[in-house]
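The values are calculated or read from the model by the stated rules, or taken from the named source; none is laboratory data. Since we're looking at a predicted model, the values are computed, not measured. No Cβ is skipped: glycine too gets one built from the backbone with ideal geometry, and neighbour counts run over all protein chains shown.
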Amino acid sequence: MNHVRRAATELGAEEWVKPWSGTNGGNCVEVKPLSEGRVALRQSTDPDGPALICKQGEIAAFIMGAKVGEADFLLS
């Protein structure tokens, strides 16, 4: 991955979404769509902290890999 880190505050407070929130007590990843298909990710409990910026192909590869179980090792 060739990603970039930025302060989440530089990206504004609007349009952050918690697509994976559930029963984890509010500790979840928030995402924000950016221009050119890029996606910003940040920790919901640290909205002023860093955000990881992924290119469209990177986030697509991660999501597709997770769907077919390639990230299951992270749960063990």
- line: The correct count of residues that are modelled with pLDDT of 80 or more, farther than 11 Å from C54 by Cα, surrounded by 11 or more Cβ atoms within 10 Å (Cβ to Cβ) and not hydroxyl-bearing (S, T, Y) in the range 7-37 is 10
- line: Of those in the range 38-72 that are modelled with pLDDT of 90 or more and of a type in the set (S, T, N, Q), the residue farthest from G12 (Cα to Cα) is Q56
task: Kindly indicate the residue of the range 22-76 that is polar (S, T, N, Q) and not in a loop (DSSP other than H, G, I, E, B) and also farthest from R6 (Cα to Cα) among those meeting that condition.
output: Q56
